[in-house]
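Taking it in order: structure first as structure tokens, then the write-up.
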Amino acid sequence: MEMKMIGRIHTDFATKFGIPRQSGLVPELKGEIVLEPEYRNPDAVRGLEEFSHLWLVWEFSKAVRSDWSPTVRPPRLGGNQRVGVFATRSPFRPNPIGLSCVRLERIDLEDSRKPVILVSGVDMMDGTPIYDIKPYLPYADSYPEARGGFTDGTEARRVIVELPEELATASGIPGEKLQALRGVLEQDPRPRYQKDPQRIYGMSFGEYEVKFTVREDVLRVVELVQREI
């Protein structure tokens, strides 16, 4: 079966480091889906604006491997316990396909690349290939009584973010993007096995470079500067 890439999503993540582990965890994170030229037909999205959320089918394009493992170590279990790959959402799968539920913000029909689909709550790298877009249907896609397997017995890790006001002001970062950055940092972007309180971690976020340390449950931003592009 041939899979055709229908477009790419553009986000604030130039690398994998810092991306939330699931969609919707940071509602402020924005994405822009630009379709490939052959699919840039406004008729293809007719009626889509009536839905509040979308399913995106996409490729873990930076995790493609020639082999695979039947077990993986999910971060939710601290990265120390193995479970079956099909019991996780790990990117290291026989077929590197991802599935994300995002909020539809609007469809831009004025852009020269129209239609451009603007979404929020993203969990993908900038340039990630999109293979399909489907509407989220509350009557069929929501099961409040569903069991969450091993995730039911673990707490999502969140940390307290200390971001000095003088750093934010000096960087010139807009308020909306600053709020999104805080949401990303609250998720504790570090791999679960890294616990060194002295280590300075760095990540790119949009046009900004961020450096921080983590001691116990407090993440402190030590540098926030605009990158030279």
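The values are calculated or read from the model by the stated rules, or taken from the named source; none is laboratory data. Bear in mind that the values here come from a model prediction, so they are computed numbers and not experimental data. Here the Cβ positions follow ideal geometry from the backbone for every residue, glycine too, while neighbour counts run over all protein chains shown. Heads up: the accessible areas ignore ligands, DNA and RNA and are worked out on the full protein's heavy atoms, side chains in. Shrake-Rupley method; radii C 1.70, N 1.55, O 1.52, S 1.80 Å.
If packing is taken as the mean number of other Cβ atoms within 10 Å per residue, what is the order of 30-37, 99-106, highest first? Don't skip to the end; give the middle numbers.
Details: 30-37: 19.4, 99-106: 17.9.
The densest-packed peptide leads the list: 30-37, 99-106.
Could you pull out every residue, at least 5 positions away or on a different chain, whose amide H is within less than 5 Å of the one on residue 10? Hs are placed 1.01 Å off N in the peptide plane, and Pro or chain starts have none.
Amide H to amide H, under 5 Å and 5 or more residues apart or across chains, residue 10 pairs with 32, 33, 34, 127.
With a 1.4 Å probe and every protein chain kept in, tell me what percent of the accessible surface of the chain is carbon plus sulfur.
Values: 6640 of 13630 Å².
Answer for the chain: carbon and sulfur cover 49 percent of the accessible area.
What is the set of long-range amide H partners of residue 208 at a cut-off below 5 Å, with H atoms built 1.01 Å from backbone N?
Amide H neighbours of residue 208: 227.
Would you work out which of 144, 131, 178 lies farthest towards the positive end of the dipole of segment 114-194? Charges go on Cβ: Lys and Arg +1, Asp and Glu -1.
Looking along the dipole axis, the top candidate is 131.
Placing +1 on the Cβ of each Lys and Arg and -1 on the Cβ of each Asp and Glu in the chain, which of 187, 101, 69 has its Cα farthest towards the positive end of the resulting dipole?
Comparing the listed Cα positions along the dipole, 69 ranks first.
Report the extension gain between residue 87 and residue 140 in nm, rounded to one decimal, defined as 0.36 nm multiplied by the number of residues separating them, less their alpha carbon distance.
Numbers: separation 53, 0.36 × 53 = 19.08 nm, distance 2.15 nm.
Computed gain between residue 87 and residue 140 is 16.9 nm.
Once phi is turned into ³J(HN,Hα) by the Karplus curve 6.51 cos²θ - 1.76 cosθ + 1.60 with θ = phi - 60°, what whole-Hz value does each residue of segment 145-150 show in order, with x for glycine and proline?
For segment 145-150, the Karplus-derived couplings read 8, 5, 8, x, x, 5 Hz, x marking Gly and Pro.
Treating only the Cβ of Lys, Arg, Asp and Glu as charged (+1, +1, -1, -1), what charge dipole size does the chain show about its Cα centre? Round to the nearest 20 debye. Numbers along the way, then the final one.
On the way: 32 positive and 35 negative charges, 205 e Å.
So the dipole magnitude of the chain works out to roughly 980 debye.
Just to check I understand the Karplus step: with θ = phi - 60° and J = 6.51 cos²θ - 1.76 cosθ + 1.60, what whole-Hz values come out for segment 64-72, glycine and proline as x?
Ordered by residue, 3J(HN,Hα) equals 6, 10, 7, 10, 8, 10, x, 10, 9 Hz.
Determine ³J(HN,Hα), in whole Hz, for all residues of segment 34-48 in sequence, where each value follows from phi through the Karplus function 6.51 cos²θ - 1.76 cosθ + 1.60 and θ = phi - 60°; x replaces Gly and Pro.
Taking θ as phi minus 60°, the curve returns 10, 6, 5, x, 5, 10, 7, 10, x, 5, 5, 10, 4, x, 5 Hz for segment 34-48.
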